[in-house]
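Asks: This is the structure, below, for whatever I ask next.
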Amino acid sequence: MHFLPRTGHAVKSGHVYATDYAKPSFSGKIGFNTGYSGSIYTAEAPDAIEPSGKGALCAFRYSESNASAGIVYKGSYSTVILGFPFETIINEDERNRLMMQVLDHLKE
């Protein structure tokens, strides 16, 4: 999958941003839920993950700690790995934008 785990409980706040390494495929900022909510799943312990191997790069970082929050890989296959659950993304527009970016990355 071309990533290595770094740590659990990487952040307390749920904010990530796309890195320059990931442009133009990925851009923007994303907020995800880390607190109790009766309407959306909670990411209680977001993971920091690191790229591993040729073709893997850090696509997202946590705003709070700058730890790596997302890895993409392009090679004989493609992956997008996040350190937090996709379903915890709070804003529907951010969720839709990220899904479109992921699908575009995977079909390239």
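Each reported figure results from applying straightforward, stated rules to the coordinates on display, with no laboratory input. The structure presented is a predicted model; accordingly, all values stated were derived computationally and were not measured. Cβ placement follows ideal geometry from the backbone for every residue including glycine, while neighbour counts extend to all protein chains displayed.
Asks: With an 8 Å cut-off on Cα pairs and a minimum separation of 6 or more residues, tell me the relative contact order of the chain in percent.
Replies: Relative contact order, the chain: 29 percent.
Asks: Here's something else I'd like to know. Calculate how steeply helix 92-107 sits against the longest principal axis of the alpha-carbon atoms of the chain, using the helix alpha-carbon long axis, and give the answer as 0 to 90 degrees to the nearest 10.
Replies: The angle comes out at about 20 degrees.
Asks: Still on this model: Only four residue types carry charge here, +1 at the Cβ of Lys and Arg and -1 at the Cβ of Asp and Glu. Report the dipole size of the range 3-107 about the Cα centre in Debye, rounded to the nearest 20.
Replies: With only Lys, Arg, Asp and Glu charged at Cβ, the dipole is about 320 debye.
Asks: OK, next. Which value results for Rg/Rh of the chain when Rg is the Cα radius of gyration and Rh the Kirkwood radius based on the inverse mean 1/r?
Replies: With Rg and the Kirkwood Rh in hand, the quotient comes to 0.95.
Asks: Now for a separate question. Using a 10 angstrom cutoff on alpha carbons, build the Gaussian network for the chain and name the most mobile of 31, 70, 83.
Replies: Ranking 31, 70, 83 by mean-square fluctuation puts 31 first.
Asks: Under a cut-off of 23 Å between alpha-carbon atoms, report the lysines in cross-link reach of residue 29, not counting same-chain residues fewer than 8 places apart.
Replies: Excluding near neighbours in sequence, the set is 12, 74, 107.
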